[in-house]
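Contents: one structure, followed by commentary.
Taken together, the values in this text are just the output of simple stated rules run on the coordinates, not laboratory data. This is a predicted model, so every value here is computed, not measured. Here Cβ is always computed from backbone atoms with ideal geometry, including for glycine, and neighbour counts include all displayed protein chains.
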Amino acid sequence: MTSNESAVLGTQPAATPQRLPAAAGRLTSLRRRLGWVGIACAGIVAVVVLAALAGQFLVPYDPTVGSVTQRHLGYSAEHLLGTDQAGRDIFSRLLAGARTSLIGPLIVVITTAVAGSALALAAVWFGGKTDAFIGRVLDVLFAFPSLLLAILGVAIFGPGIVTASIALAVAYVPYSARVIRSVALRERNLPYVKAAELQGINGLTITLRHVLPNVWTQILTGSTINFGYAIVDLAALSFLGLGIQPPAADWGLMISNGQESLQQGFPEQSLYAGLCIVVTVAAMAYIGERLGGRAAAGRSKQ
Amino acid sequence: MNKKIISAGAAGLLLLLTGCHGGAAAKAPDPSNQKDLLVTTPAPTTNLDKIVWNNNFGEPPSIDPIKSADYPASGVVSNLCESLFQIQPDFSIKPNLAKSVKNIDNTTYVYQLQEGVTFWDGQPMTADDVVFSLKRHLDPNEISYWASDVTANIAAVEKTGPNEVTVKLKSPDATFDNQLATPVGAVVEQAQREKAGADYGNPGAGVMCTGPYSVGEWKQGVSITLDRYDGYWNTAKKAKTKQVEIQFITDPSSIANALATGAIDGSYDVPLSAINQLSSSTNGQLYYGKSLQNMAIISTGTGTLGDPAVRKALTLATDREAIAKTVFEGTSTAAQSLVPNGGWNYGAQIFADARKDLPPTTPNIDEAKKVLKEAKVDLNKPIKIVYPIDRTFYADIISEFANAGAKLGLKIEPSGVPGAQFGAFFSDPKARAGADAFVTTNYMNVADPLIHLGAIAGPKGMQNYSGFSDPQITELLAKAKATSDDDARAKLTAQVEALVMDKEPWLPVVDSSTRLFMSKRVTGVPASFVYLYYPWAADLGGTGK
């Protein structure tokens, strides 16, 4: 949106913060948005993302290769967290597992955000029968628990990370679409949208260039929260054997694979993989909540 | 200790990272010594009102004996429906519902039936019931899981006297009586079968048999209760326990905990992950028995693994002794053959001697590389091995094969499928499409290597999943089947075994022992692997504790 257009439409351009010394300014800004706990959470997420990006270069051992002659080795300099029941290095699998454990949720949130936004904005713009039709379709999808819908998808198209992620995204779409629709509906009735219509700007342009940017925070916040849920749900699918397939490293799969070892007195594999999921999900959820809370506060001020 | 550490948070985590590694080393028995393995458990001293058992493989899909061809059904049906012959805990075969057999010639068998046998409804078992039951395998509408080359060889089944049935075969089969110890020889009441219609064998209509137990309450998805049949014909083998409730728990952790706490009195096939926990249990005892089971990887005959040289090379290169020692907690031994060690009830010395000529189980990479040079297939194509995802130990075994494969330049890809879907690999060729191999914990129905090898490598064998066919093996199988002298037949069978192991339609992994756990209050069941066709529950009684 150009500044002239903003003036015409009555929307306010984002305030330009006074330039502070670069690093201190960024930290202050981040602290205002997230708080100290949020910064710690962001740090955790950054570490996990780093592990996902560079983990494969950092792993001391091939995370998919082991020998039963090396199974259940204890902590040592060679194997920081010991080995699993197949003799694979647990630390290497945790690092490598970060990638698969994040790629799946990423597919879920992107698919959910795109599909959910498209449906919500179409329903809001066209209204009437289109809105009702989309609403009923979403109601039908709402009737199925998300995990059940994902299991159904995997049963039809076969197990794997992409199938599981897309199946899960389909289950998430109704939740996202409904939230985005409620915010977009408010925007739809604001004077700047009417003004744009009177200017003869077509619906697609108004939706994409004016409405979408104003619901963007909601989409981003929802995606952050969905990311956490998706990690847990995909881990559950992997646990059930419907997601990532062995011998690939994945946190959910590691919990599943470690079940029998748990009983044998070797909890390390399941314990650390579970810990990674809990910490990552908690961090993502906290950031999402903070962003969502600030966005809501901003709106109420407006 | 670990729980407290975890709850203490980060400091505890540090402790975990630096020092505390749980679990004690497995105290393994020595199942490599056949003499160490048990046949029976101590005889009971008291009768009991009720015992709770567990069928670790889950609920039977049907209790119709001709549809009982796998662990879930057979472990239950063995107590309900009896066959003309019966396997004994020492693997010998004895006449059961058939009192005696007379061979008129090598294709005609005349069976005298036991007198005084009644079905649970009190009706006497007649020769007509026996004829009807045997003919069920020949009736395509009955869809017998036991219809195979064995039953296809039956030319006629006739009632030749009030208590006499004659079976005529198309070609000689010296193993036929042994086959009748399986559900091939199971006898059901004709009238009830005809009346039950399509519901036969289901919880609604059930079955009508002559066994020491009848069907009591069947809580679908939970358990089936067997009620003692007080009119059982064999008074010497009358059940010692009034009711046996067989539960269908399949989760290894739940099974282990239920056994350890005494919620379940006993179970065969104790999960491997529970061995450590149960071997030190004060509530009961873990027994290791003689077995007819082995774990193998079945080639579908397609892809890279379709080449016998690849199969042999992979077997040679894989450390199966390590698999037996670690994955199986020392309760198994590396398999030298597809016939489990000791799986014979005749020609013992001949089979034992023949085993000495089979390749050793020690991994030999150099020899494997030499063998692989004979392969005529594209070795770059990955080998996809399918396993049931709920049994994670299979993934560890395939991983070990993948390690060996990597040393030979072969790429092995494990592929997990849900347990319910995996069953189709054994019955539906379409399910096997796209897979190069799939795993099995297989078993011999009876301790007859000729039957077992015929099922695996015979052109129409029940377990020939790859269309495997070798003229020399086929000819020797026929010759052995036509040989009535036990030793002569054993020699021919040993030749078949050597030829089969040279082609390896299946890759042998380990020979298992039978893992049995019983609480302190019960005893008596066979420790050996006969619970699929022997009425084990009838032997269960109390210890007096």
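Some notes on this structure:
- Per-residue shielding of B:384-396, expressed as the average number of other chain Cβ atoms within 10 Å of the residue Cβ, stands at 4.
- Charge context of B:Asp502, other residues only, Cβ under 13 angstrom, K/R +1, D/E -1: -2
- Computed magnitude of the charge dipole of the stretch B:244-357 (debye, nearest 20; Cβ of K, R +1, Cβ of D, E -1): 380
- Projecting the Cα atoms of B:Val150, B:Thr250, B:Gly216 onto the charge dipole of the stretch B:128-270, computed from C-beta unit charges around the Cα centre, puts B:Gly216 farthest toward the positive end.
- Potential lengthening of the chain between B:Asp49 and B:Glu374 amounts to 110.7 nm, from the contour at 0.36 nm per residue minus the alpha-carbon distance.
- Estimated FRET transfer efficiency when R0 is 25 angstrom, pair A:Leu198-A:Lys129 (beta carbons, to 0.05): 0.55
- Tensor-based shape of chain A (alpha-carbon gyration tensor, a/c under 1.5 rounded, otherwise prolate or oblate): oblate
- Net charge of Cβ neighbours under 10 Å - reference B:Arg136; Lys, Arg +1; Asp, Glu -1: -1
- Cα gyration tensor category, rounded, prolate or oblate, for the stretch B:87-152 with a/c compared to 1.5: rounded
- Relative contact order of chain B, pairs being alpha-carbon contacts under 8 Å that are 6 or more residues apart, as %: 23
- Debye intensity ratio I(q)/I(0), log10, the stretch A:162-261, q values 0.19, 0.23, 0.25 Å⁻¹ (C-alpha model): -0.90, -1.10, -1.20
- The modelled label-to-label distance between B:Thr235 and B:Ala263, using points 7 Å beyond Cα along the C-beta direction, is 4.2 nm.
- Each of the peptides B:417-424, B:379-386, A:25-32, B:303-310 was scored by the mean count of other Cβ atoms within 10 Å over its residues; in descending order, highest first, they stand as B:303-310, B:379-386, B:417-424, A:25-32.
- Highest mean first, the peptides B:253-260, B:351-358, B:167-174 sorted by other C-beta atoms within 10 Å per residue fall in the order B:253-260, B:167-174, B:351-358.
- Inter-chain Cβ neighbour count for A:263-271, averaged per residue, equals 6 (cutoff 10 Å, partner chain atoms only).
- Estimated [θ] at 222 nm from DSSP helical runs (n ≥ 4, -39500 (n - 2.57)) normalised by residues in the protein assembly as shown, nearest 500: -14000 deg cm²/dmol
- Mean separation of Cα contacts under 8 Å (6+ apart) over length of the stretch B:209-289, as relative contact order %: 20
- Alpha carbon centroid spacing (whole Å) that separates the stretch A:112-139 from the stretch B:493-545: 61
- From the alpha carbon centroid of the stretch B:339-399 to that of the stretch B:223-287 is 33 Å.
- Gain in span if fully extended, B:Leu499 to B:Lys520, counting 0.36 nm per residue against the direct Cα distance: 2.9 nm
- Using the Cβ-Cβ distance between A:Val278 and B:Gln349 with R0 set to 60 Å, the FRET efficiency from 1/(1 + (r/R0)^6) comes to roughly 0.45.
- Tensor-based shape of chain B (alpha-carbon gyration tensor, a/c under 1.5 rounded, otherwise prolate or oblate): oblate
- For the stretch B:468-542, the relative contact order works out to 21 percent when only alpha carbon pairs closer than 8 Å and six or more residues apart are counted.
- For B:Lys430 and B:Ala198, the FRET efficiency from 1/(1 + (r/R0)^6), where r spans their Cβ atoms and R0 equals 35 Å, is about 0.90.
- Overall, the protein assembly as shown carries a charge dipole of about 3460 debye about its Cα centre when +1 sits on the Cβ of Lys and Arg and -1 on the Cβ of Asp and Glu, all other atoms neutral.
- Ellipsoid equivalent to the stretch A:148-201 - semi-axes via the Cα gyration tensor, in Å: 39, 11, 6
- Each Lys or Arg adds one and each Asp or Glu subtracts one; over the other residues with Cβ under 14 Å from the Cβ of B:Glu245, this totals -1.
- Order by protection proxy (mean Cβ within 10 Å, highest first), peptides A:120-127, B:183-190: B:183-190, A:120-127
- Signed unit charges on C-beta, dipole axis of the protein assembly as shown, positive-most listed residue A:Ser176, A:Val114, A:Ala40: A:Ala40
- Close amide-amide hydrogen proximity is noted between B:Gly216 and B:Thr225, B:Leu226, B:Asp227, each under 5 Å apart and 5 or more residues distant or on a separate chain (H modeled in the peptide plane; Pro and chain starts excluded).
- The stretch between B:Ala155 and B:Asp366, if pulled fully straight at 0.36 nm per residue, gains 70.8 nm over its current Cα-Cα span.
- Mean partner shielding of peptide A:239-249, defined as the number of other chain Cβ atoms within 10 Å of each residue Cβ, is 4.
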